[in-house]
Each structure stands twice: as C-alpha cells, then as structure tokens.
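Working notes, structure below.
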Amino acid sequence: MPVTTSTRVRPAVPAPAAWLGYAGLIPFVALAAGLWLLTAPYQGALHGALLAYAAIILSFMGAVHWGLAVANDTVETRQLVASVIPPLAAWFASVAAPMINYSVLIVAFVGLCLFDGRMARAGRAPAWYPRLRVPLTAVVVASLVAAQLALL
C-alpha cells in the first residue's frame with residue numbers, strides 16, 4: 001500500500017499586500033524604538049504618535065471585515081460585529097490611562113488576528129490572509145510591549 005502525504009496548498013500572499021503590510025510596520029518599530037532611545041521631552045510626543053497610529057491601524061484592520069461581510073451575498077453577522085469592536089477598543093485605548101492603553105491595544109490586535117484566521121478557515125477571508133496577519137501582528141505586539149516597557 002503506497003504511503004501518501006497530503007500537502008495543503010498554502011497560497012502566497014500577494015506581493016502588494018505583503019509590501020504595504022510590512023511597510024506599515026515602520027511607524028510601530030520606529031516609535032517604539034524612539035521611546036527607548038530618546039529622552040523624556042520627546043517621549044510624550046512619541047507615545048501619543050504610537051497610540052494614534054496603533055488606533056488607526058486597528059480600526060483599519062477591523063474595517064477589513066466590514067468590507068468582507070458586505071461583499072458577500074450572505075452577510076456574516078459575526079464579521080460585522082467583529083468589524084466594529086476594533087475601533088471601539090482603539091478609541092478606549094486612546095482615552096485610557098497609560099499602561100492600560102497599550103494592554104488594550106495588544107489584546108485587540110491579538111484577538112483580531114485570531115478572528116482573521118478563523119474567518120479565513122471558514123472561507124470568509126482570503127486563504128492567504130493569516131500568512132500575512134500573523135507575522136505583522138507579532139511585530140505590532142512586540143512594538144507595543146516594548147513601548148509599554150519603556151514607560152515603566
């Protein structure tokens with residue numbers, strides 16, 4: 001009896017999505033590094049800039065699911081709900097006390113990444129999407145953790 005191995009085809013991330021996604025990490029990494037490298041007078045501005053950028057990107061990532069939900073003939077309520085939670089979390093993080101704000105953003109980015117994978121497996125998001133989102137989310141979370149630690 002021949003032994004067969006089943007290999008699951010993992011579609012490649014489209015090059016424009018990869019380039020733009022990874023370029024979007026530059027502000028996360030640069031601002032988090034700046035919190036460690038620059039002195040106190042600059043840290044407030046860097047902290048505000050990082051929180052604002054993270055909130056914008058988190059809202060954008062949530063909106064992806066709104067677009068995916070309304071693009072289908074049958075609307076997936078979970079995707080619509082999931083699309084509005086990230087901007088609400090981003091807003092809360094933008095008004096929350098220091099240290100809480102980064103924690104909220106970290107939880108929201110990780111939660112959304114897990115949801116992205118679930119929707120891709122269910123055929124409600126492109127199959128390649130988790131292959132992009134997981135490494136991007138890892139860098140985002142690492143940047144936010146580094147920023148949070150810099151403020152201790």
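Read the figures in this text as sums done on the coordinates, not as results from a lab. Everything quoted here is computed from the prediction, not taken from an experiment.
In percent, what relative contact order does the range 16-150 have, based on Cα pairs under 8 Å that are 6 or more apart in sequence? Please report the intermediate quantities before stating the final value.
Numbers: 142 pairs, mean separation 39.0, N = 135.
Result for the range 16-150 is 29 percent.
What whole number of Å gives the distance from the Cα centroid of the range 34-71 to the Cα centroid of the range 75-152?
11 Å
Helix 40-71: angle to the longest alpha-carbon principal axis of the chain, degrees 0 to 90, nearest 10?
Once rounded, one gets 20 degrees.
The chain: D in µm²/s via Stokes-Einstein (Kirkwood Rh, Cα pairs, 10 °C, 1.306 mPa s)? Display every interim value, and only then the final one.
Details: Rh = 16.6 Å.
This corresponds to a translational diffusion coefficient of 96 µm²/s.
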